[in-house]
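Each reported figure results from applying straightforward, stated rules to the coordinates on display, with no laboratory input. For clarity, every value in this text was computed on a predicted model and none was experimentally measured. In this analysis, Cβ positions are derived from the backbone assuming ideal geometry, glycine residues included, and neighbour counts consider all displayed protein chains.
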Amino acid sequence: MATLVEIKNLSKRYPPRNGKGEGTLAVKHMNLTIDQGEIFSLLGPNGAGKTTTISIMSGLLEPTEGDVIIGGHSVTKNPLAVKKLIGVVPQEVALYPELSARANLEFFGKLQGLRGKELAKRCDEVLEFIGLRERQRERIDTFSGGMKRRVNIGVGLLHKPTLVFMDEPTVGVDPQSRRNILDAVKLLNQQGMTVLYTTHYMEEAQELSHRVGIMDHGELIACGKQIELIQQTNVRDAIVLKFSPEQAQQARQALKDLPLISTIVPEGEHGEKLRLTSDRGRAALPHVVRALDDIGLIPDAIQIVEPKP
Amino acid sequence: MRRILDIAFTQLLVQLSERGTWITSFVVPVFVAVMIGIFSSTTTIQTQRIDVLHGGDPLALQFVALLRQEGAKKTVNVQLFEVCDLSAPQTNGTFCQLEGLERAESVEAFMSQRLESRLTSGAITLPSDFSAALNNGQKVNIELRVPSGVPQQFIQTVQGYTNAVIARLGGAVAAAQAIKTAVSGDQAFYERVYAQMLAKWETDPIEIREATNTVGGQLPGTGFGHSIPGIGSMFVLFSATALAQLFATERRNNTLQRLISTPVPRSHILAGKLIGQFLLCLLTFGVMIAVGTLIGVSWGDPLGIAAVVVFFTLCATALGLATAAVARTANQAATLGFLIPMIMAPLGGAWWTLDITPQFMQVLGHVVSPIAWSQDAFTKLIYYNAGFAEIVPNLLILLLFTAVFFGFGVWRFRLE
């Protein structure tokens, strides 16, 4: 398959808030390619650098270093050409609450260059796709959270983009809406769209993606097809430990030097879960518990997760 | 260009979809302007009554006649005061409302009653020996009584006119007597000289012109001619500086980020936002002009009025951009959006005419507030029948303000 996205040595440093120091390095020398027609998931906890990466790719932020090439166009040198190829579904609902669902779609459609009958046709198709045709004339501020999320997705798809960025679209939605969103992503991909999907839920990444990249503290710490990831880490199964976010940090420090642990991936919205992989699988659990006991930590929950290649 | 207009009209639609916009941009400005217009119409430029009581001697009658001439002079095209001669009621018009004088206990009591009920704004009593005292070169005491609550400025004006009349009368009498004494003592000769001297005063040798009376005109004026454009300008500033809050809201709602992710250049997004706010401000001013027209404001040259409205709105929009460039947070935007109009409006003469303020305040107002220049232009057009050419300097200075605000805004503003 042809390469659609090429991320080359991408870094982003935010300026310090108080004007002192070096600021925060949110993305560190990231390299990645995404093929046409692929669903690629970026997995990691809050603060891992996923949203910053997508913001650079969609032209919202300037990179400190490196570049992103999308469809042969450089994000830094030719952002408008890139923006014609992409559709963005931001993490937060980005709609005018005072306008109706259709008025929102029509406005953003016009900015994407759609006019007249073509615009009306695409609005009808998208409203049908997100299941809100009946309520298209109602103001957004009268909608439930799930309905707003669906319109938010619809706006990103209006102009049939080649590549769609979906930044944690299922955060804060009910299970039924979440299921609808995941099904919609699969359907879009079947229709030929390439999807870059960020999440902090391993299950979503496993269900949707052809390939997964794991980010933590601005670094892409692992990347590949799920089977490749398993092979990379030689995992038989994983141990998922749940703590409070503060305890998770302490536990991570304590476990990182444990020889039989291959990777520690933070999960959950606040990194409150740690997914441990080991070539000894669940047999590593007693060693893990002993190491945690040495520093006085007891996990709130322990889960053994078998890999789904 | 189409995408810029799409952004502009959608922004206007979004703002007009909010009830708060209707209240702050249309309802409140109209209410405040009408209230201030009513207040200023009744307290500052309504014709007042001045009662005069005298002994009916020739120079007293002459005094009344001369004071009537002074009272007939107009300030912003409204007669300042009407003299009501209580000693010769048949000489007065209906405006004096002297019904009941014949039934009164005494003329003095009637005059006091009129003062207490504030039917009259002042009462002048001439001494019974007014003519004799003047002819003999004695000092004449005239009593001016005013009810409480009459503006000090009005009292001073009446005192000024009374003194002018006294000077004319006294001057003529003194000159005639001096010549009579020097020549022959003939009474007929005295009468002729006195008449000629008084006639000389018909044309005042020294004339005081009002500071604002720079352009001639005959249009009737009311307080609304000042309050409607003044308060309109202030609320246009409120609408314009709300641009900073609008950007803060769009950042919070993530719609600005979504706009930036579309294939529309950032400069076009900014232009669309500015045009949208300009249109809202123009609507605010348009409503004020329409309400003013309904109330009866004679706007004067329509081209001139349109030019002032457009140039001031342009300037206000540029100020909105400059405000948005400075405000980093929604709270800062709200604070600046309140403070800037509340400082510029009174300094620029939106609440009261700058003519009544000290000289340094007038200078300060014209340096810091574009409202001062637009109000000057409105005053010329509304009260003095000025043409377009006479307001061109005001328009150029508004354009200069626009350039400064816009330059600063473009330099400092960041869309993200």
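General observations
- Sequence-distant aspartates and glutamates (8 or more away, or on other chains) whose Cα lies within less than 13 Å of A:K160: A:E118, A:E125
- Here is the short version for chain B: B:C281, B:C315 have no other Cys C-beta closer than 4.7 Å.
- Amide H contacts of A:D216: A:I221, each under 5 Å away and 5 or more positions distant or on a separate chain (H built 1.01 Å from N in the peptide plane; Pro and chain starts excluded).
- Label-point gap, in nm, between B:S106 and B:L13 - each point 7 angstrom along Cα→Cβ: 8.0
- Put simply, the Cα atoms of region B:47-200 extend 52, 38, 25 Å along their principal axes, the longest span coming first.
- Considering only A:Q303, B:A327, B:F285, the residue lying farthest towards the positive end of the dipole of the protein assembly as shown is A:Q303, judged by Cα position with unit charges set on Cβ.
- Structure-based [θ]222 nm, chain A - -39500 (n - 2.57) summed over DSSP H runs of at least 4, per residue, nearest 500: -10000 deg cm²/dmol
- HN-Hα J in Hz across region B:330-346 - Karplus 6.51, -1.76, 1.60, θ = phi - 60°, x for Gly and Pro: 4, 5, 4, 4, 5, 5, 5, x, 8, 5, 4, x, 6, 8, 6, 5, x
- With the simple model of a label 7 Å out from the Cα in the direction of the Cβ, A:L80 to B:S298 spans 5.4 nm.
- Ranking B:Y190, B:Q62, B:F405 by Cα position along the charge dipole of chain B, where only Lys, Arg, Asp and Glu carry charges on their C-beta atoms, puts B:F405 farthest toward the positive end.
- Charge dipole (debye, nearest 20) of the protein assembly as shown; +1 at Cβ of Lys and Arg, -1 at Cβ of Asp and Glu: 2000
- Cross-link pairs beyond the 32 Å C-alpha cut-off, checked among A:K83/A:K186; A:K28/B:K273; A:K12/A:K256: A:K28/B:K273
- Karplus-derived 3J(HN,Hα) values for region B:376-391, using 6.51 cos²θ - 1.76 cosθ + 1.60 with θ = phi - 60°, are 4, 5, 4, 4, 4, 6, 7, 9, 10, 6, 6, x, 4, 4, 6, 9 Hz; glycine and proline are entered as x.
- Peptide-level mean, for A:7-17, of C-beta atoms on other protein chains within 10 Å: 0
- For B:A327, no residue 5 or more places off, or on another chain, has a built amide H under 5 Å of its own.
- In sequence order, region B:281-289 has phi-based couplings of 5, 5, 4, 4, 5, x, 5, 5, 5 Hz under the Karplus curve 6.51 cos²θ - 1.76 cosθ + 1.60, θ = phi - 60°, and Gly or Pro positions carry x.
- Most simply put, the protein assembly as shown has about 60% antiparallel DSSP beta bridges, counting only bridges with both residues inside it.
- Note on B:F360 and A:D237: the model spin-label points, each 7 Å out from Cα along the C-beta direction, lie 8.6 nm apart.
- Pairwise FRET efficiency - B:A174 versus B:T24, Cβ, R0 = 60 Å, nearest 0.05: 0.40
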